[in-house]
Structure formats: structure tokens, C-alpha cells
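One structure is given here, and the rest of the page talks about it.
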Amino acid sequence: MAAKCRNTGIQKRDTNKKTEIVPDKKMVSVINHESPEERKIIRPFMARHTIPQNKTMPPDRSAAWATIEERIASFDSSEFAELLGIRIIEAKDGYARVVMPASKKKNPNGVVHGGAIFSLADHAFAIAANAGPIRRVAVSVHIQFIAPAHGELTAISEFVGESRKYSTYRVLVYEGDRTIAQCDGVAIRYPPVSPG
């Protein structure tokens, strides 16, 4: 049984109780020898993560080794993006445009749940903040809901400015040409910049 991994040329195959990653021309799998207890944790992780040929993964298993394209693709194929149906339309350093369908995300009032809207905005913010040479993580995100939504949503995140450690991004969420929410996010460089 083979299933194609989203947005990669890699196929994941289940063979005799172990997951095997079949490499394409650009990627190879990470091979680890683990105990049965570790297998429960490591195997699902390893089935989702690969490293480029001729490179080694840092000991902390961070994505610092990834190229910008790989980093962007990792957001598009993340479990969270797949769960909500979020897709990247465009991404570059300081900018991201993502879409999310409204189906199965409505609250009892029949409009898209605020948590789903926030998740879309936060995902766009994270992509824009990490689509360049510097890794960043969010430290603060604020959202203002402007109007209820019923259909597919688009979030556009743009870089606003930065200090030595922090970067600010603005995210606007639209349903068609109607503004649904505005979100402001602050990210810090990761790993943090040393004082001095």
C-alpha cells in the first residue's frame, strides 16, 4: 500500500509493520535504530520528515537545515494544514497568501468559527515569518474579527518591520473581496539573538 506524501515526490509505504520512505531524486530518508519504546515516538516523526542528500540533521532535529523551499513545503504538508484544508497559494520572504475552505468549520450560528479564522491567520503569519533565511517563532498574536464569514477564506500576511530581535507582521483575512479579520503578529528570531 503506497500513499503519495503531499507536495513532495516521496512515497510512503507500509511494509511488514515498518514505515519505509522511498526517496525521489532530491530527498533521502533518515534511518534510525531505536528500541521498541522509541519506535512509537520516532517512527511517526520520521515518516513525515526527510533530509536532503549529502546533509545531516542537527542533533536537536530542528528545521534549520532545510532550504527555504523545503521549509515552505513543510508548512503546506503539516498535519495542521491538512486537518484544516489550508493550502499555500504564494509564499516568499515576508509574504504569504493561503486559502482555507469553510466546510466543516462553522459554529452553531452557521458562520466560520473564530478559532478557524485565527488558525488560518496564524498559519499565514508563520509562513511569511519563516519563508526567508531567518527562522522565527511567534511571541504575540492579536486578532480583530470584522465580519462573519460563510465561504472560502484567503489570508494574506505581510512583513511590517523589525528590530534586532523581533519582527512584526500584519495579516488580513478575506472572503472574496470582503475583509473578515485583521491580525497582527510579533515573532522572535529562533534561535534567539545573543545580547551584545
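Taken together, the values in this text are just the output of simple stated rules run on the coordinates, not laboratory data. What you see is a predicted model, and the numbers here were worked out from it, not measured in a lab. Cβ: placed from backbone, ideal geometry, glycine included. Neighbour counts: every protein chain shown.
Here the residues F159, F145, F75, ranked from fewest to most Cβ neighbours within 10 Å of their Cβ, fall in the order F145, F159, F75.
The GluC sites (Glu not before Pro) of the stretch 122-196 that meet both conditions, a loop assignment by DSSP and at most 15 other Cβ atoms within 10 Å of the site Cβ, are E152. Proximity of backbone amide H atoms, modeled 1.01 Å from N, is registered between K106 and H113 at under 5 Å, excluding neighbours fewer than 5 places apart on the same chain.
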